[in-house]
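Bear in mind these aren't lab numbers, they're just calculated from the coordinates by the rules spelled out. Bear in mind the structure is a predicted one, so any value in this text is a computation, not a measurement. So basically every Cβ, Gly included, is an ideal-geometry build from the backbone, and we count neighbours across all protein chains shown.
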Amino acid sequence: MSVGVCFTSNITLPHLLIDSRKRVRVGTVLFKCAECSYIAAAKKDVARHVRVLHRELAERIWGPKELFVCTICQKKFTRKDNAQKHYKAQHLP
């Protein structure tokens, strides 16, 4: 069964296809990215999208992200576990 929503006329059908992977029930509150056309049914998904794809906007909203810096080569990481993996793989014998 093919279903959808017309955003201009607000005609709703049983399900809204957000993209090729996600379907949500009509009546579900959708959250939209302030910078692009991305929409999601969960606010956390939009927050993750903003952090990953719109770093400058994320820094205005949540402040600068803490960076983890390798003490040997000064390479920067946004996650501590990735910095640790880098250190073990690149700098340990």
Handout entry: Sites matching GluC sites (Glu not before Pro) across segment 55-90 that sit in DSSP coil, with at most 14 neighbouring C-beta atoms within 10 Å
Key = Glu66
Practice task
Step through the residues of segment 48-53 one at a time and calculate ³J(HN,Hα) from phi using the Karplus curve (6.51 cos²θ - 1.76 cosθ + 1.60, θ = phi - 60°), rounding each to whole Hz and writing x for Gly and Pro.
Solution key: 5, 4, 5, 4, 7, 9
Completion exercise
Yeah, segment 33-93 with a ≥ b ≥ c from its alpha-carbon gyration tensor (a/c under 1.5 is rounded, else prolate when a/b outruns b/c, oblate otherwise) is prolate
Practice task
For Glu35 and Lys75, calculate 0.36 nm times their separation in residues minus their Cα-Cα distance, and state this gained length in nm to one decimal.
Solution key: 11.5 nm
